[in-house]
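Only the coordinates and a few stated rules stand behind these numbers; no lab work does. What you see is a predicted model; the values in this text were computed from it and never measured. Positions of Cβ are generated from backbone atoms using ideal geometry, with glycine treated the same way; all protein chains shown enter the neighbour counts.
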Amino acid sequence: MQNDKRNEKGQTLAEFLAEYDLKKYDRPSVTLDNVIFARDEEGLSVLLIRRRNHPFIGDLAFPGGFLEMDEDLPEGAARELNEETGVTGVSPVQLGAYGRPGRDPRGRIITVAFVSELPDGAVPKAADDAKDAGMWRISVIPDEKSIVLTSEQTGESVRVPYEFDRGKAVFIPTEGIAGDHGQILADALRAAGLING
């Protein structure tokens, strides 16, 4: 049994944990981001929110937020999606983790991104930290190494450049897109086979 095993100091797990100081090490925070795709006869769209608050106020972002201490990652991703857009019934699949120092001005924050499909009949509505929420049509322009996002509601367009190095998207800051969410989008589209790199 695990509880009977002793370490080199002769401690049981309970004895080790009783003196263990978790504050000895700096700890990053963890957020969760949702890349939610929808496909129809016109092509592919992605669900984006516009941030209501700092950081990246007014920028487009994936619905997401901080992981709570008592939840698993996919559960937290689904909760955050529901809180910001009202969308439920997704089956999040982990895309990757993003932890470049400085990616978030609030501090050392690592995000875990998830991909899923917008459930049939779901109509995103902005809530919580989202100023608005809606679907953005995706157009990939391979010759220019860019993705053009066009709001299905307003027609507004945002260009997201992308580049890959050894199979991983290279971070390219993009005006109007929160932090490294352009990189996350490029990785999700590459994983779906829609862009090469």
Worksheet item: Tilt of helix 181-191 relative to the longest C-alpha principal axis of the chain, in degrees (0 to 90, nearest 10)?
Response: 90 degrees
Practice prompt. Note down the net charge around D70, summing +1 for each Lys or Arg and -1 for each Asp or Glu among other residues with Cβ under 15 Å from its Cβ.
Written response: -4
Worksheet item: By a straight-distance test (C-alpha under 22 Å), which lysines pair with K168 as possible cross-link partners, with residues fewer than eight away in the same chain excluded?
Response: K145
Practice prompt. Compare F56, F114, F16 in a GNM of the chain, Cα atoms joined below 10 Å, and give the one with the largest fluctuation.
Written response: F16
Worksheet item: Which residue, E68, E42, E19, tops the fluctuation ranking in a GNM of the chain built on C-alpha contacts under 10 Å?
Response: E19
Worksheet entry | Cut-off 12 Å between beta-carbons: net charge of the residues surrounding L44, Lys and Arg +1, Asp and Glu -1 | -3
Worksheet item: Once phi is turned into ³J(HN,Hα) by the Karplus curve 6.51 cos²θ - 1.76 cosθ + 1.60 with θ = phi - 60°, what whole-Hz value does each residue of region 100-107 show in order, with x for glycine and proline?
Response: 4, x, x, 5, 10, x, 6, x
Fill in: Candidates V123, V160, V46: whichever shows maximal mean-square fluctuation once the chain is modelled as a Gaussian network with Cα springs under 10 Å
V123
Worksheet item: If you take every DSSP beta bridge whose two residues both sit in the chain, what share of them, in percent to the nearest 5, is antiparallel?
Response: 75 percent
Worksheet entry | I177 long-range amide H proximity, modeled H, under 5 Å | L60
Response to the item:
Counting sequence-distant residues (5 or more places) and residues on other chains, those with an amide H built under 5 Å from that of E163 are V170
Discussion item. Just want the answer: with Cβ charges of +1 for Lys and Arg and -1 for Asp and Glu, which residue in A97, I141, L17 is farthest toward the dipole's positive end in the chain?
Written reply: L17
Worksheet item: ³J(HN,Hα) across region 61-67 via Karplus (A = 6.51, B = -1.76, C = 1.60, θ = phi - 60°), whole Hz, x for Gly/Pro?
Response: 8, 7, x, x, x, 6, 5
Practice prompt. Please compute the net charge surrounding N82, taking Lys and Arg as +1 and Asp and Glu as -1 over other residues with Cβ under 12 Å from its Cβ.
Written response: -3
Discussion item. If you fit an axis through the alpha-carbon atoms of helix 73-85 and take the longest principal axis of the Cα set of the chain, what angle between them do you get, 0 to 90°, nearest 10?
Written reply: 40 degrees
Discussion item. I need the shape label for region 12-113. Rule: rounded when a/c is under 1.5, else prolate if a/b > b/c, else oblate, with a, b, c from the alpha carbon gyration tensor.
Written reply: prolate
Worksheet item: What is the dipole size for region 23-191, taken about its Cα centre, with +1 at each Lys and Arg Cβ and -1 at each Asp and Glu Cβ, in debye to the nearest 20?
Response: 720 debye
Practice prompt. Show that you can apply the helix-only estimate: for the chain, add -39,500 (n - 2.57) for every DSSP H stretch of four or more residues, divide by all residues, and state [θ] at 222 nm to the nearest 500.
Written response: -4500 deg cm²/dmol
Worksheet item: What residues qualify as long-range amide H neighbours of A126, i.e. H under 5 Å apart, gap of 5 or more or another chain, H built at 1.01 Å from N?
Response: A133
